[in-house]
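Working notes, beginning with the structure itself.
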Amino acid sequence: MTKPQSQLDPPTQGAHSYDDFTRLREVVVGRADHYTAHHADSSWRLFYYENVAPHLPDGNRQLTIPQQIVDELIEDVTGFADALAGCGVRVLRPSAPGKDVQVSSPWWSSGATPPLNVRDNTVILGTTIVETAPHIRGRVFENDHLKPHFNRYFEQGSNWLAMPRPALAAHSLDTAYFDRHGVDVTAAMAGEDALPIDGLGLEMIFDGAQCVRLGRDVLVNVANHNHELAFQWLARTFPQLRWHRLPGIADNHVDSIVVPLRPGLMLLRDPSYLELLPEAMRGWEAIYPPPSSVPEQDYDEFGFVVPTASRYIDINVLSIDENTVVVNSLYPELIKVLEQRRFTVVPVRHRHRRLFGGGHHCFTLDTVRDGGPEDYLAA
Ligand SMILES: NC(=[NH2+])NCCC[C@H](N)C(=O)O
C-alpha cells in the first residue's frame, strides 16, 4: 500500500497559517497519553467554572480519570490522526508526556496537563508561531512537547514569539467575566495555595483558542483584563493584521461558538451571537447546531462526572479545506446538515469530548494552510 502523499514529502516550509478553513497541509494533533487526572487547583477551577461548577470539588483536588477512558480517548485521537493523514495532511505529534508529572514555580505547584488540546497554548499568525499565556498552572510547560516542531519551523524560517509567561501567582486571574454575570466564584478560589507577588495584580493571560483567524482579520474574545492585556500585546506586535474584540462572548475559548467554514459561511452556536460579531461578518450565512443525539457518556460507574466542555462542543470541527470538514461521527445530525450543503464530511469518532474539554479543533494546531492574509471582511 503506498503511503499517503503527506507522509512522503518532508516539511518543505515553515509555518504558514492565516485561517481555519483553507487547504490544510500540516497539523499538530495532540496526545492523551497518561491523561489520567484533572488537577483541579484554583486556576483550573476558575477556567472551567462555567461547566464544572455544579460538580466542583472543594479545594484543590486531583480528579482521577480511569485508564479505560484514557485508552478510549487515545484510540479516538489515533483514529483522528489517521483520518487526517488519509486526507493527505502531514500529521505531527507532540513528544510523549510523562506519567504523573508535577510542575512548579516559586508561587505554586500542580500536575502537568498532557499536550492534548494543542489549540489552546499557541496561535499561528501567518508565518509566526505565537505561544500564548496559559490560564492553568498545569499547562505552563505544555508547549515543551511541541518544541521539536517549533524549532524545526524556526530553522525553516518561521518567526517564533511568546507572550510574557504569566506567574499565575495568587490574585493573577481576573473574575470580571463571572462578576458581570452575577456568578459567585468563591468556590473556585477555595483552597488557593499559590503565593502572591506583591504589587503584581492582574497579568496577561490568554489562550490561542480565544482567536478566530480570518486572513488579515483576527477576532479575539476579551472577557476580562487578563485578556485585554493580551489583546493589546497582539495588536501592537502584529499591526499588519486587523484586530477585532469579541466583547466577552465567552469565559475564554470561542471555537464552540463561532467556527468559520469558508468565507461567508460559519457554524454559529446561536443567533444571539450575531450582533457581537464584526459588522462585516453579521451578513455571513450561519449554520446553527441541529439537536444533538451524541450520547452523553455515563461516568457514574467511575465515581465522578466533570464535563469541562459544554454540550456545544461538537461544533468544534476541523476544516481540511473550504469543502471538507472533520465532524464527530457520533453527531449524525450535523453531518447530515453539512452534507446537504455539499460538504464532504470526514466522520471521526470522539467519545469523551466533554470530559477532556475539547473537540477536533481543540486537538489540533494547524501550522500550514494554503490561505494567506486575505481580506475576508471587506466592508
Ligand atoms: N480549544 C478548546 N479547548 N476549545 C474548547 C471549547 C470549550 C468551551 N468552553 C465549551 O465549553 O464549549
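Taking first residues from segment 90-115 that are farther than 15 Å from residue 80 by Cβ and partners that are of a type in the set (Lys, Arg) and assigned to a loop (DSSP other than H, G, I, E, B), the Cβ contacts under 8 Å between residues at least 6 apart in sequence or on separate chains come to 96/31; 97/31; 114/31. For segment 355-369, taking the residues that are surrounded by fewer than 24 Cβ atoms within 10 Å (Cβ to Cβ) and more than 8 Å from the ligand (Cβ to nearest atom), the one that is modelled with the lowest pLDDT is identified as 355. When 329, 319, 256, 293 are checked against the criterion of being touching a residue at least 40 places away in the same chain (Cβ under 8 Å) and more than 16 Å from the ligand (Cβ to nearest atom), a single residue qualifies: 293. For segment 338-379, what are the residues that are of a type in the set (S, T, N, Q) and not in a helix (DSSP H, G or I)? Listed by number, the residues that qualify are 344, 364, 367.
Taking segment 296-312 only, how many residues are open to solvent by 10 Å² or more (accessible area, probe 1.4 Å), aliphatic (A, V, I, L, M) and either away from the ligand (no atom under 16 Å from the Cβ) or under 21 Å from residue 221 (Cβ atoms) (or both)? So that I can check it myself, show each step before the final result.
In the first step, residues of segment 296-312 are kept if they are open to solvent by 10 Å² or more (accessible area, probe 1.4 Å); the result is 296-305, 307, 310-312.
Checking the rest, the ones that are also aliphatic (A, V, I, L, M) come to 305.
Remaining after also requiring either away from the ligand (no atom under 16 Å from the Cβ) or under 21 Å from residue 221 (Cβ atoms) (or both): none.
Qualifying residue count, segment 296-312: 0.
Among the residues of segment 259-275, those that are open to solvent by 40 Å² or more (accessible area, probe 1.4 Å), more than 16 Å from the ligand (Cβ to nearest atom) and not basic (Lys, Arg) comprise 263, 271, 274, 275. Of the residues making up segment 175-193, those that are on the phi < 0 side of the Ramachandran plot and open to solvent by 30 Å² or more (accessible area, probe 1.4 Å) are 175, 179, 180, 181, 183, 184, 186, 187, 189, 190, 192, 193.
Tell me yes or no: at least one residue of segment 190-209 is out of contact with any Leu (no Cβ under 7 Å at 6 or more places or on another chain), in a strand (DSSP E or B) and within 15 Å of the ligand (Cβ to nearest atom). Yes, the conditions are met somewhere in segment 190-209. Might you check whether a residue that is more than 14 Å from the ligand (Cβ to nearest atom), touching a residue at least 60 places away in the same chain (Cβ under 8 Å) and surrounded by fewer than 22 Cβ atoms within 10 Å (Cβ to Cβ) occurs anywhere in segment 132-144? No: zero hits. Quick check on my filter: what residues within segment 93-125 are within 20 Å of residue 358 (Cβ to Cβ), crowded, with 21+ Cβ neighbours inside 10 Å, aliphatic (A, V, I, L, M) and away from the ligand (no atom under 16 Å from the Cβ)? Across segment 93-125, the qualifying residue is only 112. Only residues that are of a type outside the set (A, V, I, L, M, F, W, C) and open to solvent by less than 10 Å² (accessible area, probe 1.4 Å) were counted across segment 219-240, and they come to 3. Applying the condition of being among the aliphatic types (A, V, I, L, M) and within 16 Å of the ligand (Cβ to nearest atom) to segment 210-226 and asking which residue is nearest to residue 241 (Cα to Cα) yields 218.
Among the candidates 152, 245, the residue that is closer than 30 Å to residue 264 by Cβ, open to solvent by 10 Å² or more (accessible area, probe 1.4 Å) and among the basic types (Lys, Arg) is uniquely 245. Just to be sure, is residue 232 assigned to a loop (DSSP other than H, G, I, E, B), more than 16 Å from the ligand (Cβ to nearest atom) and of a type in the set (S, T, N, Q)? Answer is no for this residue.
The values are calculated or read from the model by the stated rules, or taken from the named source; none is laboratory data. What you see is a predicted model, and the numbers here were worked out from it, not measured in a lab. We place every Cβ from the backbone using ideal geometry, glycine too, and count neighbours over all the protein chains shown. What goes into the accessible areas is simple: the full protein's heavy atoms, side chains included, and nothing from ligands, DNA or RNA. Shrake-Rupley method; radii C 1.70, N 1.55, O 1.52, S 1.80 Å.
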